[in-house]
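Okay, so here's the structure we're looking at.
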């Protein structure tokens with residue numbers, strides 16, 4: 001691919017990590033236009049999915065863990081809830097990496113939606129087991145939808161760095 005760039009860790013891990021954290025904070029602000037709150041998509045889902053496809057590395061899971069713990073702090077969730085959910089996504093994408101290689105945009109979007117469902121389903125289950133009560137399924141569905149539509153950003157990240165390291169192709 002002509003658009004492939006060098007695989008410097010600050011470019012494929014550091015920049016997306018900071019972008020996700022900043023967007024999480026911005027979307028968590030108490031800004032309510034017309035009385036409606038902003039959606040709270042799980043922005044770290046994008047790099048958690050993309051990093052496993054771009055290149056297996058020890059830096060990827062560590063960054064996913066850090067983003068998950070940040071989500072736990074930002075949203076007041078039990079410590080480790082989103083870290084485990086995002087690490088499940090990373091692991092699932094890493095296991096399915098060979099099947100996803102070379103797939104079309106809609107097929108990859110379906111994989112991303114499945115990974116998002118895995119993360120949200122596991123977080124829902126862990127919350128339900130811990131609190132002995134389930135979250136509002138409509139709210140969870142809206143959050144799933146808001147997160148699933150972020151796939152073009154994951155696709156952009158994958159396209160930018162997928163062919164940068166030929167050792168893993």
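The alpha carbon convex hull volume per residue for the range 69-120 rounds to 74 Å³. Within the range 70-169, the ratio Rg/Rh, alpha carbon atoms throughout and Rh by Kirkwood, equals 1.02. Every helix of 4 or more DSSP H residues in the chain counts as -39500 (n - 2.57), and over all residues that averages to -21000 deg cm²/dmol at 222 nm. If a paramagnetic tag sat 7 Å from the Cα of residue 107 along the Cα-Cβ line, which residues of the range 136-165 would have the backbone N under 18 Å from that point? Once the point is set 7 Å along Cα→Cβ of residue 107, 152, 155-156, 158-159, 162-163 turn out to lie under 18 Å by backbone N, inside the range 136-165. Against the chain, whose longest principal axis comes from its Cα atoms, helix 15-28 is set at around 20 degrees. Label sites at residue 118 and residue 58, each approximated as a point 7 angstrom past Cα along Cα to Cβ, lie 2.3 nm apart. Spin-label pair residue 74-residue 139: with each label point 7 Å from Cα along the Cα-Cβ axis, the two points sit 1.7 nm from one another. A straight chain from residue 159 to residue 19 at 0.36 nm per residue would run longer than the Cα-Cα distance by 48.6 nm.
Every number in this text was worked out from the coordinates using simple rules, so none of it is lab data. The structure presented is a predicted model; accordingly, all values stated were derived computationally and were not measured. So basically every Cβ, Gly included, is an ideal-geometry build from the backbone, and we count neighbours across all protein chains shown.
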